[in-house]
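*Asks:* Sharing a structure here in structure tokens format.
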Amino acid sequence: MRSFVAVFPPQVVLDSVLQLQRSLSITLPGVRWVAPANLHFTLRFFGDLGPEERASAARVIDTVARERQPFDVELHGVGVFSSWKHPRVVWVGCGEGSEAFADLGRALELGFRDAGLRKADKPFKPHLTLGRWRDFGALIPEASIAACEKIGRLGTFTLNEVGLIQSKLSPKGSTYVPLHRGRLA
């Protein structure tokens, strides 16, 4: 079962993100935007997990969540992975709360490793993926950078839950199904 660990911001914050996607659609041509229901922060992507591995992941989520208090996360700024000359992903970053968020990601990663759930491909960096480029040939990097540098605070939410999510792939796109939720103490 294709699985990952994620945080889904509340709708009030997502409304600002959706407005941002609409406003950037002209400035950032060639982007395939993430569907509103799929906007989330991925803390750890597993790929396929069997039932026992999912149970282990859920136990780690519960243990780590119980050790932490809810905290506020500010969505702030826009950037790209890998570079503006060859962008692959456009994302919203975090301002306030980014250190606590990164700490949560590190604690989960250590717990998953201790539980024998393979090492992550890369360290967690708090970001919300807005979209992925299909073709960046029409992109004008200078104009895109200027537009994105103007974007500041998009909203704040209280992070109080981490979920283990199943990703079901289909020709219409991914559908996410919650498998387990761990609430911060």
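*Asks:* Between the DSSP loop rule and a limit of at most 12 other Cβ atoms within 10 Å, which GluC sites (Glu not before Pro) in the stretch 40-117 are left?
*Replies:* Numbers: sites: 52, 53, 67, 74, 96, 99, 109; in loops: 67, 96.
Sites meeting the loop and neighbour criteria: 67.
*Asks:* Using only helices, what value at 222 nm comes out for the chain when you add -39,500 (n - 2.57) per DSSP H run of length 4 or more and divide by the total residues, to the nearest 500 deg cm²/dmol? Can you show the working numbers first?
*Replies:* Details: 4 runs with 59 residues, N = 185.
Computed ellipticity for the chain at 222 nm equals -10500 deg cm²/dmol.
*Asks:* Between the stretch 143-158 and the stretch 9-55, what is the C-alpha centre distance in whole Å?
*Replies:* 16 Å
*Asks:* Normalise the Cα radius of gyration of the stretch 2-183 by 2.2 N^0.38 Å (N = residues in it) and let me know the number.
*Replies:* Details: Rg = 16.7 Å, N = 182, 2.2 N^0.38 = 15.9 Å.
With N residues counted in the stretch 2-183, Rg over 2.2 N^0.38 Å equals 1.05.
*Asks:* Considering amide H positions built from the backbone, and no H for Pro or chain starts, which residues 5 or more places from residue 2, or on another chain, come under 5 Å of its amide H?
*Replies:* Residues meeting the criterion, in which the H sits 1.01 Å from N, are 49, 167.
*Asks:* With 29 Å as the limit, write out which pairs from 150/172; 125/168; 85/168 have Cα-Cα distances beyond it, or answer none. Don't skip to the end; give the middle numbers.
*Replies:* On the way: 150/172 33 Å; 125/168 24 Å; 85/168 32 Å.
Flagged as over cut-off: 150/172; 85/168.
*Asks:* Which of the trypsin sites (Lys or Arg not before Pro) found in the stretch 120-158 are in a DSSP loop and have at most 13 neighbouring Cβ atoms, other than their own, within 10 Å? Spell out each step's value before the answer.
*Replies:* Numbers: sites: 132, 134, 150, 153; in loops: 134, 150.
Here the trypsin sites (Lys or Arg not before Pro) that fit, given the DSSP loop and packing criteria, are 134, 150.
*Asks:* I would also like to ask the following. How do 170, 25, 144 rank when sorted from fewest to most other Cβ atoms within 10 Å of their own Cβ? All intermediate terms of the calculation are to be shown ahead of the outcome.
*Replies:* Values: 170 7, 25 12, 144 20.
Ascending Cβ contact count within 10 Å gives the list 170, 25, 144.
*Asks:* How charged is the neighbourhood of residue 153? Take every other residue with its Cβ under 15 Å from the Cβ of residue 153, and add Lys/Arg as +1 and Asp/Glu as -1. Spell out each step's value before the answer.
*Replies:* On the way: positive: 150; negative: 15, 72, 74, 96, 149.
Computed value for this residue: -4.
*Asks:* Once amide H atoms are built 1.01 Å from N in the peptide plane, which residues 5 or more positions from residue 159, or in another chain, come under 5 Å H to H?
*Replies:* Excluding prolines and chain starts, which carry no amide H, the hits are 71, 72, 73.
Readers should treat all values here as calculations from the given coordinates under stated rules, not as data from a laboratory. Since we're looking at a predicted model, the values are computed, not measured. Methodologically, a virtual Cβ is constructed for each residue, glycine included, from the backbone with ideal geometry; neighbour enumeration extends over all protein chains shown.
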